[in-house]
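Data first, discussion second: the structure below is written as structure tokens.
None of the figures in this text is laboratory data; all of them are computed from the coordinates on show. Everything quoted here is computed from the prediction, not taken from an experiment. Counting neighbours? That spans all protein chains shown, and the Cβs are built from the backbone with ideal geometry, glycine included.
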Amino acid sequence: MSDIHITEKKNYTLSEVIDLVKQTLDPVSEKSVHNELRYSSTDVYWLLYDMLQYVNRNVPGEFILLQTQKGIYRVTYAEEDSAKQKSDRKLKAEVNRTARYLEELTGRKPSWGDKE
């Protein structure tokens, strides 16, 4: 196995990190030929999904694991602006859902809820 050098006072680009991950996984892949453990399609999906969630927390924009057909996935990328718009829509929907719930409880709609 080759050495993996990680310098403490250096910041790495995503591309450099991906190269280090590949360098780490290549020997694991070579040795896995002798490993009888099997992974379900669900295991593989969640591994990829979780990896993209980690990446999305650390890069602008959003990578999405999108199912195109049964058993076929594609990684798509949404620019930072569209990812922010999606997040804003989700937040607004949650605020409005809370406003409706408070209206049901109190009979009065909060001033910050959607105007209908």
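With a cap of 10 neighbouring Cβ atoms within 10 Å, and only residues DSSP puts in a loop, list the GluC sites (Glu not before Pro) found in the stretch 1-110.
Loop-located and lightly packed - Glu8, Glu36.
Sticking with the crude label model, points 7 Å out along Cα→Cβ, report the distance from Ser2 to Gln67 in nm, one decimal please.
3.8 nm
Taking R0 as 30 Å, what's the FRET efficiency between Lys22 and Lys92 from their Cβ-Cβ distance, rounded to 0.05?
On the way: r = 40 Å, r/R0 = 1.33.
Working from the Cβ atoms, E equals 0.15.
If you consider only alpha-carbon coordinates, what radius of gyration and Dmax does the chain have, in Å?
Final numbers for Rg and Dmax: 21.8, 68 Å.
For labels at Gln85 and Glu104 in the simple 7 Å Cα→Cβ model, what's the distance in nm?
Distance between label points: 3.1 nm.
Considering amide H positions built from the backbone, and no H for Pro or chain starts, which residues 5 or more places from Gly113, or on another chain, come under 5 Å of its amide H?
Correct list: empty.
What are the chymotrypsin sites (Phe, Trp or Tyr not before Pro) within the stretch 28-116 that DSSP puts in a loop, where the Cβ has at most 14 other Cβ atoms within 10 Å?
Values: sites: Tyr39, Tyr45, Trp46, Tyr49, Tyr54, Phe63, Tyr73, Tyr77, Tyr101, Trp112; in loops: Tyr39, Trp112.
When the chymotrypsin sites (Phe, Trp or Tyr not before Pro) of the stretch 28-116 are filtered for loop state and at most 14 Cβ neighbours within 10 Å, Tyr39, Trp112 remain.
Length gain on complete extension for the stretch Ser111 to Ser29, per 0.36 nm per residue less the alpha carbon to alpha carbon distance? Write out the running numbers ahead of the final one.
Values: separation 82, 0.36 × 82 = 29.52 nm, distance 5.76 nm.
Length gained, Ser111 through Ser29: 23.8 nm.
Can you find, among Ile72, Ser87, Ser32, the residue farthest towards the positive end of the dipole of the chain? Put +1 on the C-beta of Lys and Arg, -1 on that of Asp and Glu.
Ser87
Looking at the chain, identify the longest residue range that excludes and avoids all trypsin sites (Lys or Arg not before Pro) in DSSP loops having at most 15 other Cβ atoms within 10 Å.
Numbers: sites that count: Lys9, Lys10, Arg38, Lys70, Arg108, Lys115.
Maximal segment without exposed cleavage sites: 71-107.
Can you count the Lys pairs in the chain with C-alpha separation below 29 Å, eight or more apart or on different chains?
16
Per DSSP H run of at least 4 residues, take -39500 (n - 2.57); add these up for the chain, divide by its residues and hand me the 222 nm value, nearest 500 deg cm²/dmol. Mind dumping the intermediate values first?
Details: 3 runs with 63 residues, N = 116.
Calculated mean residue ellipticity at 222 nm is -19000 deg cm²/dmol.
Say each of Val55 and Ser15 gets a label point 7 Å from the Cα, pointing the same way as Cα to Cβ; how far apart are those two points in nm?
With each label point 7 Å from Cα toward Cβ, the separation is 1.5 nm.
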